[in-house]
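First the structure, in the form of structure tokens, and then the observations on it.
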Amino acid sequence: MYKYILRFSLVPSRNFDEKMQTLLDFCEKAEIDDVMFFIAPEELSVGHITIEEAKKWTDVIVRARDILAQRNITVSLNPWVTLGHYDGGRKLQEGQNFRTMVGLDGTKAETVVCPLCENWREYYAELMNFYVDTIKPDVLWFEDDFRLSNHEPVSYGCFCDEHVRLINEKLGEKYTRKQLETKIYTDENVRKACLEVLRFTLEDTFSYLINKLPAQRRFGIMTSGANGAIRDARRHEKQYSILSQNGEKPHNRLNLGAYRQVGLQEYAWTINGGAMWHRQICPDKAHFVSEIENFPHTLYTKSAHFMKYQLLTSAPVCLEGATLSIFEFNGNGIVNGDKYAKALKEAKPFLSKLNDLGLKPEQMQGVYVLYSENSAFTIQGNSLCPHENWWASYLEQLGIACVFGDNVNVKNRVVALGGQVVRNYTREQIEQIFANNFVLVSAECAQTLCDMGMGDLIGAKSYEIWKERTGKTAMEQIATGEAVFDVQELRATTQFFCGDQLSIDFGDTQRTVYTHLLDYRENVVGEGIVQVNNAVIFPFFGNTREHAIPIALLAYVREYALKKAILSSNIAPEDVYFIEQENVCPYVYKRGEKTHILFVNFSDDEYRRLHFRTNVEYERIRLITPTEPKEKTIGFEYENGYYWVNVPLAPQSCVVLACDEIDEDFL
């Protein structure tokens, strides 16, 4: 059963009976399974709370726990401050002799603590034991301030004197913090030492706290994006192992993005390159739930319809439930909750049905988007955040199914290489990727290969970077002579929202040119999407200005070129799935002869008929929808790999097709 977990602030100073009654009413209407109570959240945070201050919170939570138990609703606990999200004007209290975080630039936090501070560790273990003994929570959650980035005023890491000492100890040096500020981006050995110390910081702190909490069996962790976790040098399997050492698999609350209502294409880009990636790292080591958030928590920020849309369209992430941060933390309690309750109740049967199907990330099919948890150690430039997720955001929105994976020895697949992921591998390993697969190469990855002296793998002699909006190019045009939508030489803009372009000199390398780049006088000035042997090079970086995503790259010209290239490959396997409707993303899960395909509509358009492509032949298709979760067999048409299914797909919604393959042995 899919679980709804309501994050709730029961403020001691407010009318308990009134707040409790409205909470009970909402839980009944919305079918809430667990209430995760805060301790002194956000506006009411006093910084590092004392046990004496916390007692008034635990008193009301214990009263609420006993009442909720009568309705079979469990209670979990979410202390608001672990390290501290940000200073926010709060100060350390008398007797709190905690060492605080220091940034690479020397900026020192006033309240956010260094996780290696022994005084803080002892304080926090005692505080958590008090919570466990008093409340006995079903799950004890670590707030997502347990991270090493975005702790205003400190932007990244802790480089206090103790951390600098540990880094120098690893290196056998005496670098100052100021020297480390530069060397972390330019010196491979220094970066390795810094990241290993930061990794130790997280893991050792987790281990210390779990060991000090023997009475608590279930822990939860709240995490942000996968790229941020990689920047923090997290090892997910190690993290989950530590959190489970008291006997039970931990919970992980994944961030879906969209804390406020955003454009649908932007949201699709975020979830495909964010939550889908994070979910597929150590997918069987934790219970995964989503974060539905509408900060600052009113219907002005996010409509109930958009919240429901997030729940439905999170189905491909394979979640067991959702945490709901939908009401203010300041003590108002449940305010104007009927629309939320109605939306939650309507969505739950469908979400529970999908949960019962047992879909797992390891069953996913599609273009294999290669990533590495070690990318922060190898990436070059002025950021440690990797971009290998770029392809998943882009391809899914063009209707091309994807799956993340970290197996560098993958064979007979369509493999997408993004960012600087190749820096994690040897030349031999990279050569084998190209020898054994059909490879999509992003602009950043193509540049990286050239910089590493491996441009020959894509036929590149040299390259230039053409900046966006400098007049170098204005348009991209189909170069194959084929009409698309009955238009010869179909075009798309390169002038806006595509980012910079990588112009490669291929010399006399034999290649297939799918698109040309044109200037504003319509002269051909370069080649766009190009295939060399079994590698397709995509020329746009996507680092566009003035828009959250490179929206202009979502164009028929590029969709046509990429799909044509993949279908022309002799290596393209049966796990290539396309859909032909704009802003509909396909997600494919295969177990034996049964395949489930989820189609998510990230648009406001309704589609009366689905049109998709796969090399697999099905003998029966059954439909599951949010309004009719019970499976029903439907008719379909099939010809040359294309299926036409008369299934309506509503705006901001999704459907599931349960497909049975033709039994060739029976035939």
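The values are calculated or read from the model by the stated rules, or taken from the named source; none is laboratory data. This one's a predicted model, so the numbers in the text were calculated from it and none came from an experiment. Note: ideal-geometry Cβ built from the backbone for every residue, glycine included; neighbour counts use all protein chains shown. What goes into the accessible areas is simple: the full protein's heavy atoms, side chains included, and nothing from ligands, DNA or RNA. Shrake-Rupley method; radii C 1.70, N 1.55, O 1.52, S 1.80 Å.
Take T107 and tell me if it is within 28 Å of L195 (Cβ to Cβ), surrounded by fewer than 17 Cβ atoms within 10 Å (Cβ to Cβ) and among the hydroxyl-bearing types (S, T, Y).
Working: within 28 Å of L195 (Cβ to Cβ): yes; surrounded by fewer than 17 Cβ atoms within 10 Å (Cβ to Cβ): yes; among the hydroxyl-bearing types (S, T, Y): yes.
In short, yes.
Please name all residue pairs, on different chains or six or more residues apart, with Cβ atoms under 6 Å, provided the first residue is in the stretch 1-21 and is in a helix (DSSP H, G or I) and the second residue is buried (at least 21 other Cβ atoms within 10 Å of the Cβ) and not aliphatic (A, V, I, L, M).
As it stands, the answer is K19/G333, since those pairs meet every condition given.
For the stretch 198-221, which positions are open to solvent by 10 Å² or more (accessible area, probe 1.4 Å) and assigned to a loop (DSSP other than H, G, I, E, B)?
Passing the criteria: K212, P214, A215, R217, R218.
Is there a residue in the stretch 503-525 that is charged (D, E, K, R), open to solvent by 20 Å² or more (accessible area, probe 1.4 Å) and under 20 Å from A268 (Cα atoms)?
Scanning the stretch 503-525 turns up no residue that is charged (D, E, K, R), open to solvent by 20 Å² or more (accessible area, probe 1.4 Å) and under 20 Å from A268 (Cα atoms).
Could you check how many residues of the stretch 222-256 are hydroxyl-bearing (S, T, Y), open to solvent by less than 30 Å² (accessible area, probe 1.4 Å) and assigned to a helix (DSSP H, G or I)? Before you say what the answer is, go through the steps one by one.
The first filter runs over the stretch 222-256 and keeps only residues hydroxyl-bearing (S, T, Y), leaving 223-224, 240-241, 244.
Those still in the list that are open to solvent by less than 30 Å² (accessible area, probe 1.4 Å) too: 223, 240.
With the extra rule that they be assigned to a helix (DSSP H, G or I), the set shrinks to 240.
Here the count works out to 1.
Could you give every pair whose Cβ atoms fall below 6 Å, whose first residue belongs to the stretch 43-57 and is without any contact (Cβ under 8 Å) to a residue 60 or more places away in the chain, and whose second residue is assigned to a loop (DSSP other than H, G, I, E, B) and exposed (fewer than 13 other Cβ atoms within 10 Å of the Cβ), counting only separations of at least 6 or pairs across chains?
none
Can you pull out every residue in the stretch 349-376 that is at positive phi and either open to solvent by 20 Å² or more (accessible area, probe 1.4 Å) or out of contact with any Cys (no Cβ under 8 Å at 6 or more places or on another chain) (or both)?
Taking the stretch 349-376 first, the residues at positive phi are 358, 366.
Hit for the stretch 349-376 is G358, nothing else.
Given the criterion touching a residue at least 60 places away in the same chain (Cβ under 8 Å) and among the β-branched types (V, I, T), identify the matching residue among I230, I242, I167.
I230
Go through (1) of a type in the set (A, V, I, L, M); (2) surrounded by 20 or more Cβ atoms within 10 Å (Cβ to Cβ); (3) without any contact (Cβ under 8 Å) to a residue 60 or more places away in the chain and name the single condition L83 misses.
L83 satisfies all of (1) of a type in the set (A, V, I, L, M); (2) surrounded by 20 or more Cβ atoms within 10 Å (Cβ to Cβ); (3) without any contact (Cβ under 8 Å) to a residue 60 or more places away in the chain except (3).
For W277, all conditions in the list (1) open to solvent by less than 20 Å² (accessible area, probe 1.4 Å); (2) part of a loop (DSSP other than H, G, I, E, B) hold save one; what is the number of the exception?
Among (1) open to solvent by less than 20 Å² (accessible area, probe 1.4 Å); (2) part of a loop (DSSP other than H, G, I, E, B), the lone unmet condition for W277 is (2).
So which strands (runs of 3 or more DSSP E) stay within the stretch 562-667 end to end and still have 3 or more residues that are aromatic (F, W, Y)?
642-645
Name the single residue that is farthest from G106 (Cα to Cα) among those in the stretch 150-176 being open to solvent by 40 Å² or more (accessible area, probe 1.4 Å) and in contact with a Gly (Cβ under 9 Å, 6 or more places away or on another chain). Spell out the reasoning first.
Going residue by residue through the stretch 150-176, those that are open to solvent by 40 Å² or more (accessible area, probe 1.4 Å) are 150, 152-153, 155, 161-162, 165, 169-176.
With the extra rule that they be in contact with a Gly (Cβ under 9 Å, 6 or more places away or on another chain), the set shrinks to 150, 152-153, 155.
Values: N150: 15, E152: 13, P153: 10, S155: 11 Å.
The extreme case among them is N150.
Mind checking which residues of the stretch 130-171 are closer than 21 Å to L384 by Cβ, part of a strand (DSSP E or B) and among the aromatic types (F, W, Y)?
Y156 - this is the single residue of the stretch 130-171 that is closer than 21 Å to L384 by Cβ, part of a strand (DSSP E or B) and among the aromatic types (F, W, Y).
Condition first: under 29 Å from S290 (Cα atoms), part of a helix (DSSP H, G or I) and within 29 Å of the chain's Cα centre (by Cα). Can you find one or more residues in the stretch 38-54 that meet it?
Checked the stretch 38-54: at least one residue is under 29 Å from S290 (Cα atoms), part of a helix (DSSP H, G or I) and within 29 Å of the chain's Cα centre (by Cα).
So, in the stretch 597-634, how many residues would count as being open to solvent by less than 60 Å² (accessible area, probe 1.4 Å) and not aliphatic (A, V, I, L, M)?
Filtering the stretch 597-634 for residues open to solvent by less than 60 Å² (accessible area, probe 1.4 Å) gives 597-603, 607, 610-614, 616, 618, 621-626, 629, 631, 634.
Filter once more, keeping what is not aliphatic (A, V, I, L, M): 599, 601-603, 607, 611-614, 618, 622, 625-626, 629, 631.
Of the residues in that region, 15 qualify.
All but one of (1) outside any helix (DSSP H, G or I); (2) open to solvent by 10 Å² or more (accessible area, probe 1.4 Å); (3) in contact with a Phe, Trp or Tyr (Cβ under 9 Å, 6 or more places away or on another chain) hold for V112; which doesn't?
Among (1) outside any helix (DSSP H, G or I); (2) open to solvent by 10 Å² or more (accessible area, probe 1.4 Å); (3) in contact with a Phe, Trp or Tyr (Cβ under 9 Å, 6 or more places away or on another chain), the lone unmet condition for V112 is (2).
Looking at (1) at pLDDT 95 or above; (2) within 20 Å of I379 (Cβ to Cβ); (3) surrounded by fewer than 18 Cβ atoms within 10 Å (Cβ to Cβ), which is the only condition L195 fails?
(3)
Of the residues E559, E593, E580, E606, which single one is on the phi < 0 side of the Ramachandran plot, acidic (D, E) and touching a Phe, Trp or Tyr at 6+ places or on another chain (Cβ under 8 Å)? Reasoning before the result, please.
Details: E559 fails: touching a Phe, Trp or Tyr at 6+ places or on another chain (Cβ under 8 Å); E593 fails: touching a Phe, Trp or Tyr at 6+ places or on another chain (Cβ under 8 Å); E606 fails: touching a Phe, Trp or Tyr at 6+ places or on another chain (Cβ under 8 Å).
E580 is the lone residue from the list that is on the phi < 0 side of the Ramachandran plot, acidic (D, E) and touching a Phe, Trp or Tyr at 6+ places or on another chain (Cβ under 8 Å).
In the stretch 410-433, what residues are open to solvent by 60 Å² or more (accessible area, probe 1.4 Å) and among the small types (G, A, S)?
none
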